[in-house]
1. Would you mind telling me which numbered condition in (1) surrounded by fewer than 16 Cβ atoms within 10 Å (Cβ to Cβ); (2) at pLDDT 95 or above; (3) farther than 16 Å from residue 36 by Cβ residue 68 fails?
2. Out of 40, 84, which single residue is buried (at least 21 other Cβ atoms within 10 Å of the Cβ), in contact with a strand residue (DSSP E or B) (Cβ under 9 Å, 6 or more places away or on another chain), assigned to a helix (DSSP H, G or I) and modelled with pLDDT of 90 or more?
3. How about the stretch 112-151: which of its residues are free of Cβ contacts under 8 Å to residues at least 40 places away in the same chain and under 15 Å from residue 39 (Cβ atoms)?
4. Count, please, the residues in the stretch 11-37 that happen to be over 15 Å from the mean Cα position of the chain (by Cα) and either at pLDDT 50 or above or part of a helix (DSSP H, G or I) (or both).
5. Could you check the stretch 97-111 and list, in sequence order, the residues that are within 20 Å of residue 39 (Cα to Cα) and either crowded, with 20+ Cβ neighbours inside 10 Å or more than 16 Å from the chain's Cα centre (by Cα) (or both)?
């Protein structure tokens, strides 16, 4: 239920005229960019915080490991940002299968670097249509959805670090 509500709110906000105003420095894409930049920096810090020997850690067998979550975030950032840009996803790797801490940090940084192009779109393009998972919405909707999705997995990583007796870098 929470995810549906969040998506409805984002869909409403991203579809408002404010999000598509031209030249509005505080508009939809600029606001999303600030959230994204904070999120990206946080993810790199989280990737660095967990010792490599715990990248395979899963609290239960049914969930992704710490490293798989980081790989998933790298994968999905390419996917979301390609959608916002109206481009094919340039990522050909499946970073959920990557087990090396150094390679996952590199993958995250590369994915976030690719996304910078999407979050640098001019506000005049915020309301243009984009397609994601068979749904159509504005470009800013896709960008906000990306930040929302990253936020969901932030919660996973906090829990995993705590279970390993580590203090999350954002605490």
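The values are calculated or read from the model by the stated rules, or taken from the named source; none is laboratory data. These numbers come from a predicted model, not from an experiment. As a convention, Cβ positions derive from the backbone with ideal geometry for all residues, glycine included, and neighbour counts pool all protein chains shown.
1. (1)
2. On the way: 40 fails: in contact with a strand residue (DSSP E or B) (Cβ under 9 Å, 6 or more places away or on another chain).
Just one listed residue meets the conditions, 84.
3. Selection gives 113, 114, 116, 118.
4. In the first step, residues of the stretch 11-37 are kept if they are over 15 Å from the mean Cα position of the chain (by Cα); the result is 11-28, 30.
Next, from what is left, pick out any that are either at pLDDT 50 or above or part of a helix (DSSP H, G or I) (or both): 11-14, 17-20, 26-28, 30.
The total comes to 12.
5. Filtering the stretch 97-111 for residues within 20 Å of residue 39 (Cα to Cα) gives 101-111.
Selection gives 101, 102, 103, 104, 107, 108, 111.
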